[in-house]
Each structure stands twice: as structure tokens, then as C-alpha cells.
1. Taking the DSSP beta bridges in the range 134-292 as the whole, what percent of them are antiparallel, to the nearest 5?
2. Binning at 10 Å from 0, report for the range 312-398 what percent of all alpha-carbon pair distances ends up in each bin.
3. Provide the net charge surrounding R235, with neighbours chosen by a C-beta distance below 9 Å and charges set as Lys +1, Arg +1, Asp -1, Glu -1.
4. In square nanometres, what is the average projected area of the Cα convex hull of the range 134-292?
5. Treat every Asp and Glu Cβ in the chain as -1 and every Lys and Arg Cβ as +1, leave all other atoms uncharged, and give the resulting dipole magnitude about the Cα centre to the nearest 20 debye.
6. With a 10 Å Cβ neighbour count serving as the proxy for reagent exposure, in which order, fewest first, do D184, D129, D400 appear?
7. With the cut-off at 19 Å, report for the range 242-307 the share of all Cα pairs above it, as a whole percent.
8. List the chymotrypsin sites (Phe, Trp or Tyr not before Pro) in the range 214-271 that DSSP assigns to loop (not H, G, I, E or B) and whose Cβ has at most 15 other Cβ atoms within 10 Å. Which are they?
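Since every read-out is calculated from the coordinates, none of them should be taken as a lab result. All values derive from a computational prediction rather than experimental measurement. Ideal geometry is used to build each Cβ from the backbone, glycine not excepted, and the neighbour counts take in all protein chains shown.
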Amino acid sequence: MYVYNALDTGLVQERVNQFRDQVTRRLAGDLSEDDFRPLRLMNGLYMQRHAYMLRVAIPYGLLNTAQVRALAHIARHYDRDYAHFTTRQNLQYNWPSLKDVPDILQVLADVEMHAIQTSGNCIRNISADHLAGIASDEIVDPRPYAEIMRQWSSFHPEFSYLPRKFKIAFTGATHDRAAVAIHDIGYRMLRNEKGEVGLQVLVGGGLGRTPIIGEVIHEFLDPQDMVSHAEAILRVYNLHGDRDNKYKARIKILVKRLGIEEFRRQVEAEWSHIKDGALKIPRAEFDRISSMFQPPAYVKRPARSVALSAALASDTKFARWYEQNTADHKIGGYQIVYISLKSRFRPPGDATADQIDAIADIAEKYSFGEIRTTHEQNLVLGDVAQDDVYEVWKRLDAFDLATPNIGTITDLICCPGLDFCALANAGSIGVAAEITDVFEDYDRIHELGAVKLKMSGCINACGHHHVGHIGILGIDKNGEEYYQVMLGGSAADDASLGKWLGPAIPKDQIAGAVEKVLDFYVQNRIGGEEFLAAYRRLGREPFKEAVYGTH
């Protein structure tokens, strides 16, 4: 993974010192809240419903064990003994005291982490496929490209005050696990017939109040031009983006208003002035950054472990978990292991300090000291030898980290909702628990197959409800919590926006409504047809009738 150099260390430490002085002045009353607000947002510090919330950047979702232990330490000593992993591969603390935030930032800086550009109208944390470098379907490892983009965008003076926040994601596999089509800029790494690497560039994606699937602005961009082309996109957006209405300020609105052809024309015109200048990335720089993402020291192993086969045959509980929570590794004899953060006993994405420490210990012993965060609020041990998978499962199970539900209805995405967020209209965590209770039986979950449920407590769509196979949006209806259901969304290669099913449903009925949707699916699917395919074949109306009855 990327290692800080002297410049990185100096910049991050300078920001810690700067913010410590700002907090001191705020606590002394020498700095008003209005003056302090933009300063704290530059350091990832929000004011939530009950307390401050600090968002920590995890570039492209990659962590080492020292960093993970630091995150556990912060949760234990500066928060309420837990942390929350988000849909942008970041981590949030929901209860830090303002006086402690500079000390938290120092703990982060000591392990090459920070909270810079995790909030505000700037280029946010760069995200990527959580299986980058290890997936069996990978074409190109996108992490070096994401790191170059991170370096370019950090502290970029021209883009520190954009019309609105800006999000970038990378994927380098045949299957998109980074949701690139719903980002302001999304990159797909490709190879042409000659084996040359290029980037398909999508622009104008996003969810929130106006959900839009991104459109292709460049089919095959030379990686050397990646930064200059992104700069051209950002310049056009910075110049023409709406600054008077925050609901119309995202680049997706500009692209929609101009049309992709006119937007492309303006980007090309801007790009023509800079593409052959200082922003062209030297091949040597790609080589330098790529050298930091070399594979670990894999040991040559049989393609299939005898010990693993024996454990699968003798332990049914383990076999169930293995089938649901592991994936094929590109190196024979190794397995990708998902750590589910979707237990019945805590909110989706949450992990206690003890659990986080346990994950660090397991990764250090069994996965080359590396941990990955996912867009779906889980974690990954990327390089587990098949001989060790059974032991890893037992250790995870001891800390309630082995729920066998990855990719199922109970592996649902859920924002903090009304329990924490000042913007929320309705709760999410309680509804998630009710849905999990309804579908607690493993055999039933397994029968339903791949179902992605995504839930948000407000229209800002932090829970990505628009692109869930089943999406749920919380709304306020005369002071009561109601929920709208949508079906048919996807954030994968077949990206699509879900459609509203019908009138909003009271909180105490929403879990039952989800059950009706899935019961209808099981009764009407053909063979092993997955939910999304069945919905696209059958259409919305029969599902609507199953939930609401005949009108």
C-alpha cells in the first residue's frame, strides 16, 4: 500500500497543528461557530443531531494493522467504544468531544491517516473496488491510478470550494464493485486488443434528490492523460456549476442541462490547453506508485486445500459461512474472506473497539497485515491461505463477525438515519433490525439468493436506496416516520435506478412489506432466477399488487 513520504507527513502534521489552534480558539470563545464551521468541515468534523461526528478517510478502502489498531484505540478512548464504516469506504466516529478531536487527528497522523477532504465542497476520498489486486476477474489493478488521483486532488487550490461535493471511483475488473456509474467521475480500467491499458470515463452520476446514472465522456483515455482530463472536467464544472441552489449544484445537473455532447465539447476545449503540459503523468511516476502495490509474498500452494475440504465436509455451520462469505482469489490456494458487519446485535456497518482489534490480530497472522473496507459496509481479508480459512472463521465467529449473509437480504446498507443525522427524516437502524429479524433463518436467506437492500433516512441517499434491488427511503409524514419502497435498482455493470412501488408505508409495516415483495418473487421466479432479473421480467405492477392489494 502507499507509504507517506516527507511531504505527506509534513502536510498532515501541519493540518493537525493548525486545527488544534482553531479548536483552542473556538473553545475559548475567540472563534464564532459561523467562522469555525468551514474550518471543522475541512477536517471532516460535522455537527450531527446529538454530537459532533468525525469522518476518517480510508483511500480506496485500504488499511494496515497499525492503522486498524489506531482506529480501535480512538473508538475506545475518545468515542463510545465503537466506530461506523460507511458506503464510501470511510469510517465515522459519532461521539467525539470537540476538545479531543485534535488528539484524535494526531493519533491518525501517527499511522499515516487523516480526515482531510471527507466533507465540504471539495474532491472527497477516492474510492475503488475493494477486491483490487486480488480479484479473479481483474483486468488492471486500479489502486495506483486511484492513488495518483488522490495526490492530485488533495489540497488542490482550484477545487477547494466547488459548487458541491465531488466523488470519484475506480474499478479495474470485469464486474463493477465500485459503483462507478453513480459517481461524479467514474473510471473503468480496460485493455484494448494490443493489451494497452486505458480508462473508460463516466461523468455526471449521482444519487440524492435527483438520481442520475453517469454517461461515458471518453471511451479509452490514455492513463498519462488521466489527471489533465479530470482537471478539464473539474474546470468546466467549477465555472458553470450552480452556486445559487445547492440542490442543483452537483455536476450531474450541469451534464443533464447541457447534454453529454455539449459537456464533452466544453471539456475537450478546456483539455486541449493543458493535456500536453505539466499534468501529463510520466511513465516513471506510474512505475513508482505501482511499486507500492506489489503483491505480498504468496507461498505456492495446491489449488484446493485438503484441510479446507475436510473442514467443509465436517462442519455445516462453517460450510454455510464459507459459501456465502468467501470469494475466489486470483492466486491458487488462497481465498478472499468477507467480514460481515451486519449482525442482529448492532447497526449495519458498526464494529466495537474489541472487534476492530480482533480483526487487526487476525489480519496480521493470516492475511499479510492488510484489511479492506467495502462500499457495502463490510470488511475484507484479501489474502487468506485456504489452509487457514477454518481457523479464521472460528476467530471471527468468536467476535460475532461471521454472520453468513454477504450479498443477501440481511447484508443491507443502512445510513445512521434519525438516530444520529441532523438531516434525516426517519430512522434507519431500527427498521434494519426489524428486517433482519424477519429474515433470520439461514435456509430462507439462502433460498432468496442475491438481494441487495439499501436504505436511507432522507433524500440525500447516503444509503444508496435508488440503486438497491429493494430501496427504502424514510420520510416524515405529519410528524410520523413513513417509508417509500422502490424496486429494480442496481449499482453494478447493469446500473439502473429503482422505481417507486406505491404510497409510503408506516414504520411498523415496512418489514412486512419487504417480506411480501420477496414472497412474491419466490412464487414467480423461473428456475434459479435472481431477484433483479425476475423484477425486470415481471415489471413493477405485480409486485405493487402483492404489497398493496388490488385497488
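1. In the range 134-292, approximately 75 percent of DSSP beta bridges are antiparallel ones.
2. 17, 54, 28, 2
3. On the way: positive: none; negative: E158, E231, E270.
Taking every Cβ under 9 Å from that of R235, the sum is -3.
4. Working: hull surface 38.9 nm².
Here the figure is 9.7 nm², rounded to one decimal.
5. 980
6. Values: D184 26, D129 31, D400 17.
Ascending number of Cβ neighbours within 10 Å: D400, D184, D129.
7. Values: 1452 of 2145 pairs.
Percentage above 19 Å: 68.
8. Working: sites: F220, Y237, Y247, F263, W271; in loops: none.
Nothing satisfies the criteria.
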